[in-house]
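The values are calculated or read from the model by the stated rules, or taken from the named source; none is laboratory data. Note that the structure is predicted; figures quoted are calculated from it, not measured. For accessibility, only protein heavy atoms count, side chains too; no ligands or nucleic acids. Shrake-Rupley method; radii C 1.70, N 1.55, O 1.52, S 1.80 Å.
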Amino acid sequence: MAGTTVDGDGKFHFAVDRGGTFTDLHCTLPDGSEIVSKLLSVDPSNYEDAPTEGIRRILNEYDPNGKRHPRGEAVDTSLIGSIRM
């Protein structure tokens, strides 16, 4: 994941493109940094839904409070400003 920095608003902003093979996620982090992540669109042995899994992974890595977002639990949306699909 590579990033650039602009002013942030304290929230995560996601743009998700789910394709036939890969799901791409662009995220503006709370500090304004931008990252891109890619994962398989279908990987049932590891997760049920690629967009949810991608969001969960980014939250786990970049949550400013260090909070964990375990697979199988509802995603905490308190830090999410927007999700575009």
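Could you please give the count of residues in the stretch 32-76 that are assigned to a loop (DSSP other than H, G, I, E, B) and open to solvent by 90 Å² or more (accessible area, probe 1.4 Å)?
Residues that pass the stated criteria total 10.
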Hey, can you tell me all the residues within the stretch 64-85 that are among the charged types (D, E, K, R) and at pLDDT 95 or above?
-> 84
Can you find even one residue in the stretch 17-31 that is open to solvent by less than 20 Å² (accessible area, probe 1.4 Å), in a loop (DSSP other than H, G, I, E, B) and either more than 26 Å from residue 7 (Cα to Cα) or not hydrophobic (A, V, I, L, M, F, W, C) (or both)?
-> no
